[in-house]
């Protein structure tokens, strides 16, 4: 199993390193000329374009800026989705976009959302 982490910013690098430390094969997808390329390579990752990582990976995690995700999906990910692949999002804004039809994800591609949940307990004193 190979995971493509698209983006190596605040979320991408954390997810990628965690997966790598857990023994998962991870590759990073970045745009040509990305400043994050050197950082990802120094962390021991193979770095390719988003198109190439989406083509090679079994699981694709989209972890770039929200406003760039729809274009990234249309140009780089959608052409490479095949039956059985998994498309992961980091929050529900993207799931909502999928539900309204703007992403048009194939029926045989699984989608998933992974979000860190902040939990707080409140102590009330009498």
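Annotations
- Scanning region 32-47 for residues that are crowded, with 18+ Cβ neighbours inside 10 Å, more than 13 Å from residue 9 (Cα to Cα) and either out of contact with any helix residue (DSSP H, G or I) (no Cβ under 6 Å at 6 or more places or on another chain) or free of Cβ contacts under 8 Å to residues at least 12 places away in the same chain (or both) gives a single hit, 45.
- Selected residue (only one of 50, 54, 14 is exposed (fewer than 15 other Cβ atoms within 10 Å of the Cβ) and either at pLDDT below 95 or under 26 Å from residue 84 (Cβ atoms) (or both)): 14
The values are calculated or read from the model by the stated rules, or taken from the named source; none is laboratory data. This structure is a prediction, so every number in the text was calculated from the model and none was measured. We place every Cβ from the backbone using ideal geometry, glycine too, and count neighbours over all the protein chains shown.
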